[in-house]
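Inspection log for the structure reproduced underneath, given as structure tokens.
The values are calculated or read from the model by the stated rules, or taken from the named source; none is laboratory data. It should be emphasised that the depicted structure is a prediction, and the values quoted were computed from it without experimental measurement. Reconstructed Cβ throughout: ideal geometry from the backbone, glycine too, with neighbour counts over all protein chains shown. Quick note on the areas: whole protein, heavy atoms, side chains included, nothing else; ligands and nucleic acids left out. Shrake-Rupley method; radii C 1.70, N 1.55, O 1.52, S 1.80 Å.
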Amino acid sequence: MCSRNAYKIKNILSDRIIKTMSNNQFFQNKKTATKFIHAGAEPDPSTGAIMTPIFQTSTYVQSSPGQHKGYEYARSQNPTRAALETALAMIENGHYALAFSSGVAATDAVIKLLSPGDEVIAANDMYGGTYRLFTKVFEKFGITFTYVDTTNPENISKALTEKSKLIWIETPTNPLMNITDIKAVAAISKKAGTILCVDNTFASPYLQNPLDLGADIVMHSSTKYLGGHSDVIQGALIMNDVSLKDQLYFIQKSCGAVPGPFDCFLVLRGIKTLHVRMKAHCENGIAVAHFLRSHPKVDKVYWCGFEDHPNHMIAKNQMKGFGGMLSFTLKDTSIEAATKVLSSTKVFSLAESLGGVESLINHPASMTHASIPREERIKNGLSDGLIRLSIGIEDVEDLIEDLQQAIG
Ligand SMILES: *Cc1c(COP(=O)(O)O)cnc(C)c1O
């Protein structure tokens with residue numbers, strides 16, 4: 001454990017950060033809460049400030065040409081970002097992490113590992129913006145995307161060809177809460193010699209660590225649970241392989257989708273309470289899922305914590321809890337019925353995004369997933385009436401009362 005997780009951050013981080021390696025190695029081997037609170041943080045050497053300073057600078061002074069302290073220009077290196085990247089690596093049990101200006105910028109960097117003619121096998125049920133990036137931006141550069149139902153890993157095996165270079169999965173999925181067996185897909189990927197990237201946004205590093213299950217890259221929209229307070233847009237990639245890290249760092253620096261230092265500070269701060277928030281999201285999630293399932297006007301509740309969820313046992317094995325996301329449909333399948341619920345909640349705010357402390361309600365067909373053509377959506381089980389909830393950490397009685405009055 002100790003040697004596998006030892007930090008090999010030399011190439012991307014400065015001497016100054018390398019000096020803190022022993023600090024981080026010490027906390028790497030502590031229990032979750034201790035690790036999440038101390039990950040990447042150390043008192044500022046010049047002042048003793050306990051919180052990582054926001055290094056709001058574009059450049060760094062050199063004493064003579066090429067003589068610098070490991071920082072040359074802030075697109076390539078920034079100390080606030082370096083502290084965050086160390087924290088991200090630690091909490092995902094990875095060797096390296098890179099922070100990006102958004103989740104889709106992180107996804108974009110992964111696809112830029114590929115060349116024209118290469119093929120990606122991707123999940124048919126995933127974040128709408130990922131689908132849009134693949135189909136509308138990268139297809140025209142000659143990269144092919146094949147979408148399969150990854151909840152049955154055999155479908156991936158069947159879709160693989162000699163040109164396959166990357167497998168992209170999301171689990172649990174957005175918004176249908178489908179579960180894919182990461183370990184099984186990692187075995188298929190290893191055999192085929194492809195890269196497996198897992199979008200771990202919905203679970204967060206507290207509930208699920210795909211690298212431990214054999215994935216090559218973990219992707220996060222840090223905008224969601226990592227930030228946790230709906231006040232920042234950011235993304236992340238975490239990996240173990242040094243050559244992957246070198247290639248992705250080169251893309252990060254060359255394409256320039258880096259987050260600003262203040263945003264890095266916000267996500268670092270979010271990580272310190274991730275474990276506390278996730279426990280509360282999970283607890284509230286359980287209560288809301290059961291309330292909805294027993295409601296006479298509710299038809300189907302999509303939540304991987306139900307024992308009769310098709311891949312419940314896989315979720316139970318690869319996750320520490322079932323999280324705060326769920327979706328449901330009403331027995332009245334008209335758009336009007338869904339719209340009434342969506343516009344009547346008072347504690348749940350009608351908004352895109354998820355993973356913040358406050359509860360949100362969303363209509364995927366017209367909001368987060370509007371970029372997926374309707375027939376594609378319907379084919380994959382995302383009906384027009386589907387309502388998605390991001391269950392926050394308010395008092396659960398208030399959340400249930402709010403849904404009760406909105407559903408009627
Ligand atoms: C939000 C989200 C993204 C995109 O992240 P941004 O930070 O909005 O760019 C990717 N995947 C999932 C699962 C998401 O929820």
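The table for this structure:
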{"quantity": "Where a residue in segment 271-295 is surrounded by fewer than 16 Cβ atoms within 10 Å (Cβ to Cβ) and its partner, wherever it lies, is among the β-branched types (Val, Ile, Thr), with Cβ under 6 Å and at least six apart", "calculated": "287/396; 293/301"}
{"quantity": "Any hit, segment 369-388, residues being at pLDDT 95 or above and open to solvent by 40 Å² or more (accessible area, probe 1.4 Å)", "calculated": "no"}
{"quantity": "Filter result (exposed (fewer than 14 other Cβ atoms within 10 Å of the Cβ) and of a type outside the set (Ser, Thr, Tyr)) within segment 45-69", "calculated": "45, 48, 49, 50, 51, 56, 61, 62, 65, 66, 67"}
{"quantity": "Check on residue 159, crowded, with 19+ Cβ neighbours inside 10 Å and either out of contact with any helix residue (DSSP H, G or I) (no Cβ under 6 Å at 6 or more places or on another chain) or among the small types (Gly, Ala, Ser) (or both)", "calculated": "no"}
{"quantity": "Tally of residues being near the ligand (Cβ under 10 Å from one of its atoms), within 20 Å of residue 319 (Cβ to Cβ) and open to solvent by 10 Å² or more (accessible area, probe 1.4 Å) across segment 202-238", "calculated": "3"}
{"quantity": "Hey, residue 263 more than 16 Å from the ligand (Cβ to nearest atom) and either open to solvent by 40 Å² or more (accessible area, probe 1.4 Å) or touching a Cys at 6+ places or on another chain (Cβ under 7 Å) (or both) or not", "calculated": "no"}
{"quantity": "All helices (runs of 4 or more DSSP H) inside segment 48-141 with 3 or more residues being away from the ligand (no atom under 16 Å from the Cβ) and not β-branched (Val, Ile, Thr)", "calculated": "79-91"}
{"quantity": "Failed criterion for residue 146 (all others in (1) open to solvent by 30 Å² or more (accessible area, probe 1.4 Å); (2) out of contact with any Pro (no Cβ under 6 Å at 6 or more places or on another chain); (3) within 16 Å of the ligand (Cβ to nearest atom) hold)", "calculated": "(3)"}
{"quantity": "Residue in segment 361-383 that is of a type in the set (Asp, Glu), part of a loop (DSSP other than H, G, I, E, B) and either without any contact (Cβ under 8 Å) to a residue 12 or more places away in the chain or not assigned by TED's automatic domain parsing to the domain that holds residue 200 (or both) present", "calculated": "no"}
{"quantity": "Segment 389-408: number of residues that are assigned to a helix (DSSP H, G or I) and either open to solvent by 20 Å² or more (accessible area, probe 1.4 Å) or aliphatic (A, V, I, L, M) (or both)", "calculated": "11"}
{"quantity": "Contacts under 7 angstrom Cβ, first residue in segment 52-69 being not assigned by TED's automatic domain parsing to the domain that holds residue 265 and basic (Lys, Arg), partner open to solvent by 70 Å² or more (accessible area, probe 1.4 Å) and not in a strand (DSSP E or B), 6 or more apart", "calculated": "69/15"}
{"quantity": "Tabulated pairs, segment 246-258, first farther than 15 Å from residue 99 by Cβ, second surrounded by fewer than 18 Cβ atoms within 10 Å (Cβ to Cβ), C-beta under 8 angstrom, 6+ apart or interchain", "calculated": "246/11; 247/113"}
{"quantity": "So residue 340, is it over 30 Å from residue 92 (Cα atoms), at pLDDT 95 or above and open to solvent by 50 Å² or more (accessible area, probe 1.4 Å)", "calculated": "yes"}
{"quantity": "Residues (in a strand (DSSP E or B) and open to solvent by 10 Å² or more (accessible area, probe 1.4 Å)) located in segment 165-198", "calculated": "165, 195"}
{"quantity": "Residue in segment 143-163 that is in contact with a strand residue (DSSP E or B) (Cβ under 9 Å, 6 or more places away or on another chain), among the small types (Gly, Ala, Ser) and in a helix (DSSP H, G or I) present", "calculated": "yes"}
{"quantity": "Enumeration of residues in segment 327-358 that are among the polar types (S, T, N, Q), farther than 20 Å from residue 370 by Cα and either assigned to a loop (DSSP other than H, G, I, E, B) or within 16 Å of the ligand (Cβ to nearest atom) (or both)", "calculated": "345"}
{"quantity": "Residue count for segment 305-321, restricted to those that are in a loop (DSSP other than H, G, I, E, B) and either surrounded by fewer than 16 Cβ atoms within 10 Å (Cβ to Cβ) or touching a His at 6+ places or on another chain (Cβ under 9 Å) (or both)", "calculated": "6"}
